[in-house]
Every structure is written in C-alpha cells, then in structure tokens.
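Have a look at the structure below before the remarks.
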Amino acid sequence: MVKVGLTGGIGAGKSEVSRLFAGYGAVVVDADRIAREVVEPSTPGLAAVVAEFGEEVLTADGALDRPKLGSLVFGDDERRAALNAIVHPLVGERSAELERAAGPDAVVVHDVPLLVENGLAPLYDEVVVVDASCATRLDRLVRLRGMDEQEARARMAAQASREERLAVADVVIDNDGPLAQLEPQVRRVWERLAG
C-alpha cells in the first residue's frame, strides 16, 4: 500500500486532482466528506457537538447548521479547537477504517485540506501539494465559488501559507494554468505512485 497525503490551499484545485486520482484507480479518502459524515443526525459526533455548542447549532430537522456553527468557531481559536477535538478523532478513525479496507496493493490518497496545519505530513509515504498562486486562488474563489473578496481572503489567511505547504511537499502539482495542463501532471504522478 502507498499512502499519499494530498493537500493544497483553498481554491488551488485539490478536489480536481483528487477526482483525477480516483479516475486512475486510487482509493480516495476525503477528510472533508468524512467530517460531514461523522456529524450526521443520530451520530455520536453530532451529539458531542451539540453538548459542546448547544442546540442552536441544529436546524429545525435536527441536522447540523453548518453556517451557524461556522459563525461560532471562525475567528475564535478556542471554540475551533473545541470543535476539532470532537471531529478530528472521529475523522481519523473512519479514515483508518477506509484505508484498511483498501487492500495491500492499493494507492490510498488521503485528501486532507488541513494536512500542514495539523502536522500530518509524517503519516504519509508521499505528500502531494496542489499549488496555485494567491491571485489565481482568489480569482477562483470569487469567480467560481461566489465568495466575496473579503471572505475569500479571510479563508486563505486562516490556512497554512503557500511556503509552509511547499516545505512539506514530496511532489508539487502546479495548477496555476488551465485544466488541460493539470491532467498530464497528475497522470505522471499517478504512474510513479502506482508503478
């Protein structure tokens, strides 16, 4: 088994690289998807979040009100740490389950947005960083995701710096250009990992 940590700053194109790896045959373990799964209604994770933050983080139908929770933790390091102390261990457990199920010959790509911030690089055989300039990322967040510029800049500033990500990279995929330039780079990385 080859364990790959895939990361990149918001707007860099990590999700597209993850999709391409999956298309080549990688087992993709998506930390964001798992983070949503572990706080679905009737899960111990959601119960723990409600115990910590109160009933106001629930929608009328009992699901997690992500915007409300986000407003409580964004910009408050202590509250964010409390949330992470609940969610991160659950994500880690589920990720390990999926990795074990992949089999001994698999290439397992862990799609981890906060890999650098959480010091996770040593857990992987290879760390692949999807890189794009700050200007490109900002443009994508505003133009493609509909964020206002101030919100996009705040999200970017809350993550590790570009330099911090590049410092842990074994492989850098440059995604500053069009999609047509991305696929051949990802294919070359895949061929090396799967070979």
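Here the label points at residue 93 and residue 3, each 7 Å from Cα along the C-beta direction, are separated by 1.8 nm in the simple model. The Cα center of the range 29-65 and the Cα center of the range 70-119 differ in position by 15 Å. Note on the chain: with a GNM built from Cα contacts shorter than 10 Å, the maximum mean-square fluctuation among 159, 150, 185 falls on 150.
The DSSP beta bridges internal to the chain are antiparallel in roughly 5% of cases. In whole percents, the pair-distance distribution calculated for the range 1-50 from its alpha-carbon pairs, binned every 5 Å from zero, is 4, 17, 21, 19, 12, 14, 10, 1. Between helix 77-102 and the chain there is an angle of about 50 degrees, using the helix long axis and the longest principal axis of the Cα atoms. Think of a 1.4 Å ball rolled over the protein heavy atoms: the range 72-146 then has 52 Å² of accessible area per residue. Extension gain for the segment residue 136 to residue 151, taken as residue separation times 0.36 nm less the Cα-Cα distance, is 3.9 nm to one decimal. Note on the chain: GNM, Cα springs under 10 Å; of 158, 180, 96, the largest mean-square fluctuation is that of 180.
Considering only protein heavy atoms and a probe of 1.4 Å, how much of the accessible area of the chain is carbon and sulfur, as a whole percent? Before the final figure, lay out each step's value.
Values: 5310 of 10270 Å².
Of all accessible area on the chain, carbon and sulfur atoms account for 52 percent.
The simple spin-label model puts a point 7 Å past each Cα toward its Cβ; for residue 15 and residue 171 those points are separated by 2.2 nm. Placing unit charges on the Cβ atoms of the charged side chains and taking the dipole of the chain about its Cα centre, the candidate lying farthest along the positive direction among 161, 72, 173 is 173. Within the shell of other residues whose beta carbon sits under 9 angstrom from the beta carbon of residue 170, the net charge comes to -2, with Lys and Arg scored +1 and Asp and Glu -1.
Remark: the range 72-111 is approximated by an ellipsoid whose semi-axes, taken from the C-alpha gyration tensor as √(5λ), come to 30, 10, 5 Å, largest first.
Which whole-number percent is the relative contact order of the chain (Cα, under 8 Å, 6+ apart)?
Details: 264 pairs, mean separation 73.9, N = 195.
Result for the chain is 38 percent.
The values are calculated or read from the model by the stated rules, or taken from the named source; none is laboratory data. This structure is a prediction, so every number in the text was calculated from the model and none was measured. Note that we place each Cβ from the backbone using ideal geometry, even for glycine, and neighbour counts take in every protein chain shown. Accessible surface is based on the protein model in full, side chains and every heavy atom, while ligands, DNA and RNA are left aside. Shrake-Rupley method; radii C 1.70, N 1.55, O 1.52, S 1.80 Å.
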